[in-house]
Amino acid sequence: MLLQQIRCLVAVAEAGSFTAAAAILNLSQPALGGHVRNLEAQLGTRLLDRHSRGVALTPAGQAFLTEARAVLSAVDRARAAVHPFIGRTEMQVALGFTPTSGRTLVPDLLTEAAARLPDLRLHLRHGLSDDHRRNLLAGHELAAAFCYDPEPHETLNIHPLYEEDLFLVGTPDLVDRTAGPIPLAETASLPLVLDHRFHGARRIIEAAASTAGIRLNIGLDVEPAEVKRALVMRRTHCTIVPYGLFMEEIAGGLMGARRITAPAIHRTLSLAIRRTLPSTMALQLLGLVRSIAQRKIADGTYGWRSPGVHH
């Protein structure tokens, strides 16, 4: 059994598909598939089930993955043990994050990266999804970024993390959190503060309204989340945002939230990684981010879903 075979199996399991794992490892799909098949042959059992959306681990694969990660961690520790003799090499990665991911993913990412990836140094860049994608394509400073529904590009590997709905959010006198989901048409009478017209969230909100023949009452165009929050707290405006952006205020009773329906408006957050990032570091970063996202999908705190799973 070769370390390369183990790394390939872990990469496919964590990336969710042979295509994504091959891009991360800079291998051809036939070569990657060959490593996995040889590993399965040596073990005498199937580790992966292939399906139209990617792969899923078999029970044997789940059991193997746990030990495989332990093996790779042991190898990393062995490599780290010689660092004092050859000089420690740190990998610095500039990571772009959005206002919502800054509240929901980044705190856990920083804590767990410090514990599990001591050679990784994350340099965080705050901004909006569209801006991060342009920055990634330009290759100026970002190596990876959280982006909503980024368009594919040959220089990027895009890994969907979760899908989320958008909510009508406002103070309790405007938005009754106990009333359940709200049809988009019922928001038309409410004064809204939304992102500027050229931003992704605003585009999908207006597209949904246009398709349904609804004219929204958009009173203000505001980009910074903190300014938007201040305006909503004045009880003069509502907004349409992901639940996680105002989760603390909602949980504290300062704001109410109702999921938008008829039509539902949802987005998919992905981790976009430049293909120039070394494959080992890209795989480690993706594995850590994906494990955090999957944990939060499971606990239901934000109402996230696995990509492609709709209500």
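The values are calculated or read from the model by the stated rules, or taken from the named source; none is laboratory data. Predicted model, so just to flag it, every value in this text is computed and none were measured. For neighbour counting, all protein chains shown are included, and Cβ atoms are generated from backbone atoms with ideal geometry for every residue, glycine included. Accessible surface is based on the protein model in full, side chains and every heavy atom, while ligands, DNA and RNA are left aside. Shrake-Rupley method; radii C 1.70, N 1.55, O 1.52, S 1.80 Å.
Coupling constants for the stretch 297-304 follow from the phi torsions by the Karplus curve (6.51 cos²θ - 1.76 cosθ + 1.60, θ = phi - 60°), and in residue order they are 4, 5, 7, x, 4, 9, x, 6 Hz; glycine and proline get x. Helices in the chain, meaning DSSP H runs of at least 4 residues, each add -39500 (n - 2.57). Divided by all residues, the mean residue ellipticity at 222 nm is -13500 deg cm²/dmol. Summing charges over all other residues whose Cβ lies under 11 Å from the Cβ of L57, with Lys and Arg as +1 and Asp and Glu as -1, gives -1.
Which order do S279, S270, S189 take when ranked by solvent-accessible area (1.4 Å probe, heavy atoms of all protein chains), largest first?
So the residues, ranked largest to smallest area, are S189, S279, S270.
To the nearest 0.05, what FRET efficiency results for T276 and A81 with a Förster distance of 25 Å applied to their C-beta separation? For T276 and A81, the calculated efficiency is 0.30. For the stretch 6-24 versus the stretch 183-251, the inter-centroid distance based on Cα atoms is 38 Å. Other residues with beta-carbon under 11 Å from the beta-carbon of M233 carry, at +1 per Lys or Arg and -1 per Asp or Glu, a net charge of +2.
For the pair R235 and E248 in one chain, pulling the backbone fully straight at 0.36 nm per residue adds 2.9 nm over the alpha carbon distance. Rounded to the nearest 5, the antiparallel percentage of DSSP beta bridges internal to the chain is 65%. Taking Lys and Arg as +1 and Asp and Glu as -1, the other residues whose beta-carbon sits under 14 Å from that of L47 total +1.
The candidate values are (1) 32; (2) 22; (3) 40; the one derived from this structure for percent of Cα pairs over 33 Å apart carries the label (1). Given a Förster distance of 30 angstrom, what is the FRET efficiency for D176 paired with S291, based on the Cβ-Cβ distance and rounded to 0.05? Once rounded, the FRET efficiency stands at 0.25. Spin-label model, A264 to S73: label points 7 Å out along the Cα-to-beta-carbon direction sit 3.5 nm apart.
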